[in-house]
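**Q** Take this structure first; my questions come after.
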Amino acid sequence: MVDKPICPTASRGKFLQKLQQREIDVQACFQCGRCSAGCPVAEYFDLSVMAVVRLAAYGEEERLLHSRTIWLCAACETCASRCPNGIEIAGLMDILRELACRKGITAAEPRVAAFHQAFLASVGRWGRVYEMGMIASYKLHSGDLTGDLPLGLRMVARGRLRMLPEPIAERSAVAEIFAGKGREYER
Amino acid sequence: MKLSYYPGCSLKGSAADYDDSLHRLCAHLDIDLVELVDWNCCGASSAHMLNHEAGMRLAMRTLQQAAGIGHDLLVPCAACFQRLKAADRALRRDAEYWDEPDYSPAWQVIHISSLLAAPELLARIKKAVSRPLTGLKLACYYGCLSLRPPKVTAAENWEQPDTLERLVAAIGAEPVRWSHRTECCSGSLTMARPDIAERLVADIVAAAARAGAEALVTDCPMCQANVESRQPAGTGLPVFYSSELAEAAISGSYPSRQRRAHLVDPGVLSRLLATAQAVEGGAR
Ligand code: SF4
Ligand code: SF4
């Protein structure tokens, strides 16, 4: 069921269209609260999961893009698995994070964004994640230089962190993907 | 049995001991793992969080490689499994949208849990066990991504799974009944928000301890690292891989390099195997 927007005057057509394309039917939400009830990180959110869904249905894009919730969502998929209306809420969170990045909006949880960026930079560069390099780059960009130092040393002592990257041979294929292969159609 | 194998970045890095135990287990069970050549990262949580298109295409390159071989594709990492299944589902629904001429493979992406819990394999494991882990109380911990969302993972019992319990019983150990089997440990936030990870992990290990567990068992490399590294000091609940325990029960030994990878002392397993050996030695 893809209904008309709940609040047509305030809604942003483009945003709602994007959700429709990805088959995320926020209009189907009847605010039962099941998504919020099972969310493991709910207590850290500034907008509850059910509020995110409702604000999305209202087209309140800006408010969502500036929220901490979209960055603190752990992508555990509990909400989406339990929603009685089958709304892909975790997919909605993905869209919101991606839109925030594309629009250059400073992430309300900058360290989380810095982590994902460091991870992807590592994949883009080597074709696989080089954990040691990724952690170093995250530390530099997030400013969190000393956090988890003892843990890092324990990991090294246990032989759990490789010293050198293991690049793949066909790095050009991965580079192409990050350069926007397929993006021609703006998906 | 021959399977294509996608280890993913964790199993070639911080979870190399998982890769190791899985290979040894498969050797016992006559399962031939053919690692995909020149595989790339599936993008894990980060790609789908920031870049849908890249997340899909990274996983799709792996699927193309597997399609060239044609065996079922075994994926031990829960995050890789979920991403590969998501890409597989997208391609099956509309290959053309993703610029693929055609996609309807007869092979499947399979997670380690469904492989090991299949009745036929379970029976073989049971038969191969040389030192049942009798008396070892284990909290089976599934985490998120091998189960959720069921639309993608095709998991049958995503709220009350039992694949790990069945394996644990087959190797003679005792699964405890507990509350947090499928709760998220926030592995994807652990580096940026360790405070949140510590909070969630504290709840998980407290629940396992309440149920009388001496250790946890999982098949997710992020859960393993996160629950061992973020548990409150003094908790002392090691997290084993399912393959690690099954291999130990079959071979009757627990290699020191496997032991060494743990951030929490896994002594409970070495002691158990040592006692089993002593008992058997005494009986001779
Ligand atoms: S579970 Fe689904 S229907 Fe219920 S409040 Fe959440 S999004 Fe709306
Ligand atoms: S996917 Fe995100 S919003 Fe949904 S339950 Fe998990 S952490 Fe909460």
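The values are calculated or read from the model by the stated rules, or taken from the named source; none is laboratory data. Bear in mind the structure is a predicted one, so any value in this text is a computation, not a measurement. Note: ideal-geometry Cβ built from the backbone for every residue, glycine included; neighbour counts use all protein chains shown. Accessible surface areas use protein heavy atoms only, side chains included; no ligands, DNA or RNA. Shrake-Rupley method; radii C 1.70, N 1.55, O 1.52, S 1.80 Å.
**Q** In this structure, does A:SER67 turn out to be hydroxyl-bearing (Ser, Thr, Tyr), more than 9 Å from chain B (Cβ to nearest Cβ) and open to solvent by 20 Å² or more (accessible area, probe 1.4 Å)?
**A** Spelling it out, it is not the case that A:SER67 is hydroxyl-bearing (Ser, Thr, Tyr), more than 9 Å from chain B (Cβ to nearest Cβ) and open to solvent by 20 Å² or more (accessible area, probe 1.4 Å).
**Q** Moving to a separate point now. Can you name every residue in the stretch A:21-38 that is touching a helix residue (DSSP H, G or I) at 6+ places or on another chain (Cβ under 9 Å) and open to solvent by 50 Å² or more (accessible area, probe 1.4 Å)?
**A** A:ARG22, A:GLU23, A:GLN31, A:CYS32, A:ARG34, A:ALA37, listed by residue number.
**Q** Ok, one more. Which residues, counting only those in the stretch A:55-69, are touching a helix residue (DSSP H, G or I) at 6+ places or on another chain (Cβ under 8 Å), touching a residue at least 12 places away in the same chain (Cβ under 8 Å) and within 15 Å of ligand 1 (Cβ to nearest atom)?
**A** A:ALA56, A:ALA57, A:LEU64, A:THR69
**Q** Residue by residue through the stretch A:25-46, note down the ones that are within 14 Å of another protein chain (Cβ to nearest Cβ) and within 12 Å of ligand 2 (Cβ to nearest atom).
**A** The answer is A:ARG34, A:CYS35, A:ALA37, A:GLY38, A:CYS39, A:PRO40, A:VAL41, A:ALA42, A:GLU43, A:TYR44, A:PHE45.
**Q** All but one of (1) open to solvent by 30 Å² or more (accessible area, probe 1.4 Å); (2) without any contact (Cβ under 8 Å) to a residue 12 or more places away in the chain; (3) of a type in the set (D, E, K, R); (4) within 14 Å of chain A (Cβ to nearest Cβ) hold for B:GLU53, so report the exception by its number.
**A** (1)
**Q** Would you pick out the residues in the stretch B:22-43 that are in contact (Cβ under 8 Å) with a residue 40 or more places away in the chain and facing chain A (nearest Cβ under 7 Å)?
**A** If the condition is that a residue be in contact (Cβ under 8 Å) with a residue 40 or more places away in the chain and facing chain A (nearest Cβ under 7 Å), then B:GLY43 is the only one that fits.
**Q** Does B:ALA128 satisfy being closer than 21 Å to B:ARG24 by Cβ, away from chain A (no Cβ under 12 Å) and among the aliphatic types (A, V, I, L, M)?
**A** Details: closer than 21 Å to B:ARG24 by Cβ: yes; away from chain A (no Cβ under 12 Å): yes; among the aliphatic types (A, V, I, L, M): yes.
Yes, satisfied.
**Q** Next question. Since B:ALA27 meets every condition but one in (1) open to solvent by 10 Å² or more (accessible area, probe 1.4 Å); (2) under 30 Å from B:VAL129 (Cα atoms); (3) under 17 Å from the mean Cα position of the chain (by Cα); (4) small (Gly, Ala, Ser), which condition does it not meet?
**A** (3)
**Q** Could you run through the stretch B:193-235 and say how many residues are surrounded by 19 or more Cβ atoms within 10 Å (Cβ to Cβ) and either more than 21 Å from the chain's Cα centre (by Cα) or of a type in the set (S, T, N, Q) (or both)?
**A** 8
**Q** Within the stretch B:13-50, which residues are charged (D, E, K, R) and over 22 Å from B:ALA67 (Cβ atoms)?
**A** B:ASP17, B:ASP19, B:ASP20, B:ARG24, B:ASP30
**Q** Condition check: in a helix (DSSP H, G or I), crowded, with 18+ Cβ neighbours inside 10 Å, within 15 Å of ligand 2 (Cβ to nearest atom) and not assigned by TED's automatic domain parsing to the domain that holds A:ASP144. Does A:SER81 satisfy that?
**A** yes
**Q** Next up: If we scan the stretch B:87-101, do we find a residue that is touching a Gly at 6+ places or on another chain (Cβ under 9 Å), under 30 Å from B:ALA248 (Cβ atoms) and within 11 Å of chain A (Cβ to nearest Cβ)?
**A** No, the stretch B:87-101 contains no residue that is touching a Gly at 6+ places or on another chain (Cβ under 9 Å), under 30 Å from B:ALA248 (Cβ atoms) and within 11 Å of chain A (Cβ to nearest Cβ).
**Q** Which of the residues spanning the stretch A:143-186 are at the interface with chain B (Cβ under 7 Å from one of its Cβ atoms), open to solvent by less than 90 Å² (accessible area, probe 1.4 Å), in contact (Cβ under 8 Å) with a residue 24 or more places away in the chain and closer than 24 Å to B:ALA225 by Cβ?
**A** A:LEU161, A:GLU166, A:ILE168
**Q** Check the stretch B:184-192 and report whether any residue there is open to solvent by less than 60 Å² (accessible area, probe 1.4 Å), more than 12 Å from chain A (Cβ to nearest Cβ) and within 18 Å of the chain's Cα centre (by Cα).
**A** no
**Q** Restricting to the stretch A:47-61, name every residue that is more than 22 Å from B:THR190 (Cα to Cα) and either within 12 Å of ligand 2 (Cβ to nearest atom) or within 16 Å of the chain's Cα centre (by Cα) (or both).
**A** A:MET50, A:ALA51, A:VAL52, A:VAL53, A:ALA56, A:GLU61
**Q** Something else about it: Has the stretch A:17-37 got at least one residue that is more than 30 Å from B:ASP94 (Cα to Cα) and more than 8 Å from ligand 1 (Cβ to nearest atom)?
**A** yes
**Q** Need pairs with beta-carbon distance below 6 Å; first residue in contact (Cβ under 8 Å) with a residue 12 or more places away in the chain and among the charged types (D, E, K, R) and within the stretch A:18-38, second in a loop (DSSP other than H, G, I, E, B) and more than 14 Å from ligand 2 (Cβ to nearest atom); sequence gap 6+ or separate chains.
**A** From residues that are in contact (Cβ under 8 Å) with a residue 12 or more places away in the chain and among the charged types (D, E, K, R), the pairs are A:ASP25/A:VAL2.
**Q** While we're on this one: Only one of B:ARG181, B:ARG166, B:ARG177, B:ARG124 is crowded, with 20+ Cβ neighbours inside 10 Å and at pLDDT 95 or above; which?
**A** Exactly one of B:ARG181, B:ARG166, B:ARG177, B:ARG124 is crowded, with 20+ Cβ neighbours inside 10 Å and at pLDDT 95 or above, namely B:ARG181.
**Q** Something else about it: Specify the residue that is nearest to ligand 1 (Cβ to nearest atom); the eligible residues are those in the stretch A:85-124 that are open to solvent by 20 Å² or more (accessible area, probe 1.4 Å) and outside any helix (DSSP H, G or I).
**A** Checked the stretch A:85-124; the qualifying residue nearest to ligand 1 (Cβ to nearest atom) is A:ASN85.
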